[in-house]
Amino acid sequence: MGNYCTSASPGGEANRNHILVASDTSPYANSTTSNNDKNSVFTEQYNHFFKLLLLGDSGVGKSSLLMRLTDNRFSEAHISTVGVDFRSTDLTIDNKHVNLQIWDTAGQERYRSITTAYYRGAHGVMLVFDLTSRETYHNIHKWLADVQRHAHDKTQIILIGNKKDLNALRCITSEEAQQLAEELGLPYFELSAKQEFATEVHGAFEEVTKRILRSDQE
Ligand code: GTP
């Protein structure tokens, strides 16, 4: 594998046959708890439903982080997400049962108008860049500006530098990223979707969920 410090992704791209939808079909997109009678059996299991978004340039590893979280799997292939993909997972925090609905958005520019439609009602956003790609790091400003334009003020945002296993190819230091996170007022996590210990990946999703719960109580 060559050094791809200035490009967004290793490997070739193919398009993944994922959901391509123009409007938000999430039944709980704008609510923290649903009392809808039709879903009562389902909702009784949970205290909260939160909508999370994974955002960042194509190839930074958004789908890989989600696959690690939900299936504890990793694939070397880069199959670009088409539009958006969706997965759901459960967490228990402080005895509260939370259902996370996680929307994995396409990083490719051509899907921008579709993906921004999903920002509405997001409780949390994970902004992801690739530690081996300065371009994806610079573009965090662009993604953040997009979130500030389309999401609501209380949306909890965290910054993620992914692919920390690629130490020899890394071009963004922890100190540099940490400084950016401080300037932007965001918590910062360095992760690897490839490494088999999913604990850190889980930890990042737990942190954003805790912050949403806290902001919910304010
Ligand atoms: P789009 O769907 O195009 O927006 O890309 P994405 O951000 O979802 O990226 P994806 O998860 O498809 O990963 C892109 C490439 O990076 C794939 O070849 C993955 O195997 C690889 N990759 C993702 N995360 C890691 C990681 O933590 N370490 C390493 N070494 N490779 C990773």
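Values quoted throughout were computed directly from the atomic coordinates according to the rules given, and no laboratory measurement underlies them. Bear in mind that the values here come from a model prediction, so they are computed numbers and not experimental data. Here Cβ is always computed from backbone atoms with ideal geometry, including for glycine, and neighbour counts include all displayed protein chains.
Total Lys pairs in region 49-217 closer than 12 Å by alpha-carbon, pairs eight or more apart in sequence or interchain only?
The result is 5.
How much of the pair distance distribution for region 67-122 lies past 15 Å, counting alpha-carbon pairs only, in percent?
Working: 930 of 1540 pairs.
The answer is 60 percent, as a whole percent.
One-quarter of the Cα convex hull surface for region 49-217, in nm²?
Average of the hull's projected areas for region 49-217 equals 9.2 nm².
Quick check for you: which residues of region 182-211 have the amide N under 11 Å from the point 7 Å beyond the Cα of Gln45 toward its beta carbon?
Backbone N within reach: none found.
Only residues of region 170-198 count here: report those whose backbone N is under 19 Å from the spot 7 Å along Cα→Cβ of Glu206, or say none.
Backbone N within reach: 187-198.
Starting from 0.36 nm per residue, how many nanometres of slack lie between Gln217 and Asp153 once their C-alpha separation is accounted for? Could the numbers behind the result be given before it?
Values: separation 64, 0.36 × 64 = 23.04 nm, distance 1.49 nm.
Length gained, Gln217 through Asp153: 21.6 nm.
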